[in-house]
Structure formats: structure tokens, C-alpha cells
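Down below is the structure, laid out as C-alpha cells.
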There are 2 protein chains.
Amino acid sequence: MHRYGQQNYNHPNQYQSHQSHNSTPQYSYQGGPPTYQRGPPPGADPQLWQWFSAVDLDRSGSISVTELQTALVNGFDLDTVKMLMGLFDLDRSGTINFQEFAGLWKYISDWQGVFRHFDRDRSGSIEGRELAEALQSFGYSLSPPLLTLIEHKYASEPSTGYGPPPGITFDRFVRACVAVKTLTEAFQRVDNDRDGWVQLSYDQFMSIVLSAP
Amino acid sequence: MHRYGQQNYNHPNQYQSHQSHNSTPQYSYQGGPPTYQRGPPPGADPQLWQWFSAVDLDRSGSISVTELQTALVNGFDLDTVKMLMGLFDLDRSGTINFQEFAGLWKYISDWQGVFRHFDRDRSGSIEGRELAEALQSFGYSLSPPLLTLIEHKYASEPSTGYGPPPGITFDRFVRACVAVKTLTEAFQRVDNDRDGWVQLSYDQFMSIVLSAP
């Protein structure tokens, strides 16, 4: 049996937990434009509400893509911001409400823990060996050439050809890991007999690839 | 026979032309740090030299990633800039010299022509129908669901769920087209009997996907 996707590290970033967390929204849609809530909703973490309000620059009661991108001061890539919106804008409104923000905030905090854990040399970016360790611990046994490809693709600068490739900064590390997870799971869904081989039509192939972040 | 990759539109952005154009470098590496050339190299287009010098902010005689990103005032994505560096930094120095810049400039100008041609409503971005027409004219017969996937993936903002998805701006349009081309050609290389089906190992699959921009 092929070993590509055994999740032997119980890492905190499983979509499911967020989805179930967000599947019982506290508020129902009242119709009309949302009104700004002056105080935190009942039972909300006051610290989290403070953060949410800080990001919600126009006081609309929800966070737009632009506000999210402004808030992610490290300069997250548009593709990473889009991936996060896709994961947490569960009602597909194009904005993140407070409920959705709580899930997003936890997700980013959890990933920050993962990033710090694997950034062994505290360089602020993930280099080759650190990337290999991280993906290995998530249960992905990737060949050295694949690891090199990922290292270059998600590096925060083009490689120079001299010396090791530049490292992967936080937002691109998250995207790299989610991409490997998404692609591996899509492959596994087609690989019914789990022999590590699949037969794909052009349409299936393109559809799998273009669905990954 | 499957029709996915017939290039019936002789579009100007074939890698080959640039590579052959750049395969006879005028300068050989002399050792030591490059010295700044005050005037254009013999035979150089003076206008092009002026643009090159404008982008080469630190007067090093070559353009770094940062300078390139600064120059692309429309705010090209890092991934698009990396793709362009990968196509035109032929000596893998991590910088673009004047020779390489000429190829890059032509490539971007040609794509601007393509973009303007397909941006029928002059909105400054490529929408669903325009994207379908562009890819069709390049010879890619993609199913409507695939076109929708591309439209969302390369849109310059997340979709809101209401109304049509936001359009694709210039740099992401170039990346989308190059990605479709790269993926289709990689698929075709494996599809020896051209029946539109391939058998792929997990390693092959990941390697193809991660090699696309």
C-alpha cells in the first residue's frame, strides 16, 4: 500500500473542525444591510472582538478582502488571502463576519504555532530541511525532488542558482501545506485500490489541479 | 483523437522564440561584480535601454526581483514575477541583465496586445466569456466547469457568490494562460496514444502540478 497520505501527526489545521465550529451560526440573516454592533455579541471573547473591530476598518460589521489583506501586515499573497476567504467565508458573502473571523483567527494562530515549531533556526522562514520535516510530520512522504520543487515554488523570492533557495515565509508555508494536502486527498479519492497510481482524463486532471490553492 | 492542445492561434508568446533569442548572449562573464555600463550596449534600442535603466534603480547593470516587482506598477503577484524570472533569467543568476530584459519586455508587450484584444468591453480585466474566447483561440477546448474554475482561481479578488466573479487582471491572466499551457503540455507528454487519458503515479502527478506556475 502506498504511504502518501497517512496523517500520523494530529496537526491542528483540519478543515473539519472549523466547519463544524462554524456550522451553527449564532445569528440569522435579518434582511437589509447588516447594522454595526457596538459591543461584542453575547459570549464573545472580548480580546477577539477587539481584534475583529480593529480589522473591520469601515465599521461595517464584517471584514472585506481588502480589510483582511490590509490586516495581514506581513503582506500575505492574494492567493493565500483568497484561500483563507474560501475556507472561512462559509456563507460565500465575500466578507468575513465575526463568527467566521473567530475560526479564521484560530486557524492562523494554530498555523503560527506550527510554523514556529518547524522554523528550528528561528530565521522567520522555512528552509529545505525544515519543510521536509514539517511535511513528513503531517504524514506526507514526498521524494527529495518533490520537496525541492515545493521549496522553489513557494519560496518568497526566485532562486538565484547560487546557494540554497530562499526560504518560505509564513503565508506561503500555509498555502504550500494546504496545497499538498488538497492535491494528495484529491489523488487518493481517485486511487480507489490505493496502489499509488491513478487513471485520469484531461478534464479530471485539470479540474483537480485548478481546484488546489 | 482528443482536441485539448491544438495551437490554432499563432499567439506570440512561445517560449522557444525567447530562448533562441537569448541563447547567444552578447557578453561573457568577466568575473568580479558587474560594472555599470553608462551607455547602451552597441546596437541596443535606445528606448529599451532607457526603460531598463529606469527599472535598474541601484544602477547595478541588472534588475533584481525587487526592482522588477517595483517596476511592475500594476502590482504583479509574486508568483507571476517568479514565473517571469524563471522564463527570462536564463543564466539563473537571480537577476535580469539587459539582454534578458529585452526578451522580458517583448513578452510583456506581446501579452498586453493579447490582453487588450480579448478585453472586448475595455474593462481592464478579463471576464468569463472573454477568458473562454482567449483560451479557445489559443487552441484549448476546455469544458464550461473548467473555465469557471480558472475564472475563480485567477480572479483578482475572491468571488462573493452574488453576481459574476470579479475579473482577471493583466498579470494573473498571463499566469492563467501559461499555467493552462504548461499543464496541458505536461499531460500530452504522458498521453502517448493521445486518447485524452493518462496513468500517473502519485510522484508524477505531484511533480507535474508543482512544476506549473
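The values are calculated or read from the model by the stated rules, or taken from the named source; none is laboratory data. Note that the structure is predicted; figures quoted are calculated from it, not measured. Every residue, glycine among them, receives a Cβ derived from its backbone with ideal geometry; neighbour counts consider all protein chains shown. Ligands, DNA and RNA are stripped out before the accessible areas are found, and what is left, the full protein with its side chains, is counted by its heavy atoms. Shrake-Rupley method; radii C 1.70, N 1.55, O 1.52, S 1.80 Å.
What's the total number of residues in segment B:84-107 that are closer than 22 Å to B:Cys177 by Cβ and open to solvent by 20 Å² or more (accessible area, probe 1.4 Å)? Full working, then the answer.
First, pick out the residues of segment B:84-107 that are closer than 22 Å to B:Cys177 by Cβ: B:84-90, B:96, B:100-107.
If we keep only those that are open to solvent by 20 Å² or more (accessible area, probe 1.4 Å) too, we end up with B:86-87, B:90, B:102, B:105-106.
Count: 6.
What are the residues in segment B:129-146 that are assigned to a helix (DSSP H, G or I) and surrounded by 18 or more Cβ atoms within 10 Å (Cβ to Cβ), if any?
Hits for segment B:129-146 are B:Glu130, B:Leu131, B:Ala132, B:Ala134, B:Leu135, B:Leu146.
Could you please let me know if A:Leu48 is open to solvent by less than 30 Å² (accessible area, probe 1.4 Å), at pLDDT 85 or above and of a type outside the set (Asp, Glu)? Explain how you work it out, then say what you get.
Numbers: open to solvent by less than 30 Å² (accessible area, probe 1.4 Å): yes; at pLDDT 85 or above: no; of a type outside the set (Asp, Glu): yes.
Considered against the rule, which asks whether it is open to solvent by less than 30 Å² (accessible area, probe 1.4 Å), at pLDDT 85 or above and of a type outside the set (Asp, Glu), A:Leu48 comes out as no.
Could you tell me which of the residues A:Glu151, A:Glu130, A:Glu157 is touching a Lys or Arg at 6+ places or on another chain (Cβ under 8 Å) and at pLDDT 90 or above?
Just one listed residue meets the conditions, A:Glu130.
Is it the case that B:Glu133 is of a type in the set (Asp, Glu), within 14 Å of another protein chain (Cβ to nearest Cβ) and without any contact (Cβ under 8 Å) to a residue 60 or more places away in the chain?
Details: of a type in the set (Asp, Glu): yes; within 14 Å of another protein chain (Cβ to nearest Cβ): no; without any contact (Cβ under 8 Å) to a residue 60 or more places away in the chain: yes.
No, not satisfied.
Restricting the search to segment A:167-185, which residues are more than 9 Å from chain B (Cβ to nearest Cβ) and in a helix (DSSP H, G or I)?
Keep residues of segment A:167-185 that are more than 9 Å from chain B (Cβ to nearest Cβ), which gives A:167-171, A:173-178, A:181-182, A:185.
A:Phe170, A:Asp171, A:Phe173, A:Val174, A:Arg175, A:Ala176, A:Cys177, A:Val178, A:Lys181, A:Thr182, A:Glu185, listed by residue number.
If the Cβ limit is 6 Å and pairs must be 6+ apart or interchain, which residue in segment A:84-106 that is free of Cβ contacts under 8 Å to residues at least 24 places away in the same chain pairs with which residue that is among the aliphatic types (A, V, I, L, M) and open to solvent by less than 30 Å² (accessible area, probe 1.4 Å)?
A:Asp89/A:Ile96
Working only within segment A:185-213, note down all residues that are within 19 Å of B:Lys153 (Cβ to Cβ) and of a type in the set (Val, Ile, Thr). Let's see the steps before the verdict.
So the first thing to find is which residues in segment A:185-213 are within 19 Å of B:Lys153 (Cβ to Cβ), and the list is A:185-187, A:200, A:202-213.
Within segment A:185-213, A:Ile208, A:Val209 meet the criteria.
Within segment A:157-187, can you find the residues that are polar (S, T, N, Q) and either open to solvent by 30 Å² or more (accessible area, probe 1.4 Å) or touching a Pro at 6+ places or on another chain (Cβ under 6 Å) (or both)?
Result: A:Ser159, A:Thr160, A:Thr169, A:Thr182.
Anything in segment B:64-94 that is more than 8 Å from every other protein chain (Cβ to nearest Cβ) and of a type in the set (Val, Ile, Thr)? List them, or say none.
Matches in segment B:64-94: B:Thr66, B:Thr70, B:Val73, B:Thr80.
For residues in segment A:96-107 being closer than 13 Å to A:Ser64 by Cβ, touching a helix residue (DSSP H, G or I) at 6+ places or on another chain (Cβ under 8 Å) and not aromatic (Phe, Trp, Tyr), which is nearest to the other protein chains (Cβ to nearest Cβ)?
Among those residues, the one meeting the criterion is A:Ile96.
Of all residues in segment B:56-83 being over 19 Å from A:Thr80 (Cβ atoms) and outside any loop (DSSP other than H, G, I, E, B), which is most open to solvent (accessible area, probe 1.4 Å)? Working first, answer last.
Residues of segment B:56-83 that are over 19 Å from A:Thr80 (Cβ atoms), as a first pass: B:56-64, B:66-68, B:70-74.
Filter once more, keeping what is outside any loop (DSSP other than H, G, I, E, B): B:63, B:66-68, B:70-71.
Working: B:Ile63: 0, B:Thr66: 98, B:Glu67: 16, B:Leu68: 5, B:Thr70: 82, B:Ala71: 40 Å².
It comes out as B:Thr66.
Checking B:Gln112 against (1) within 19 Å of A:Asp79 (Cα to Cα); (2) of a type outside the set (Asp, Glu); (3) more than 14 Å from chain A (Cβ to nearest Cβ); (4) open to solvent by 30 Å² or more (accessible area, probe 1.4 Å): exactly one of these is not met. Which one?
Condition not satisfied by B:Gln112: (1).
With the structure loaded, tell me whether B:Arg122 is of a type outside the set (S, T, N, Q), open to solvent by 30 Å² or more (accessible area, probe 1.4 Å) and either touching a Ser or Thr at 6+ places or on another chain (Cβ under 7 Å) or at positive phi (or both) or whether it fails that test. So that I can check it myself, show each step before the final result.
Working: of a type outside the set (S, T, N, Q): yes; open to solvent by 30 Å² or more (accessible area, probe 1.4 Å): yes; either touching a Ser or Thr at 6+ places or on another chain (Cβ under 7 Å) or at positive phi (or both): yes.
Answer is yes for this residue.
Could you tell me which residue of segment B:45-62 is farthest from the other protein chains (Cβ to nearest Cβ), considering only residues that are free of Cβ contacts under 8 Å to residues at least 40 places away in the same chain and closer than 19 Å to B:Gln112 by Cβ?
B:Gln47
Quick check on my filter: what residues within segment A:188-208 are in a helix (DSSP H, G or I), facing another protein chain (nearest Cβ under 7 Å) and surrounded by fewer than 21 Cβ atoms within 10 Å (Cβ to Cβ)?
Answer for segment A:188-208, where residues must be in a helix (DSSP H, G or I), facing another protein chain (nearest Cβ under 7 Å) and surrounded by fewer than 21 Cβ atoms within 10 Å (Cβ to Cβ): A:Asp203, A:Ser207.
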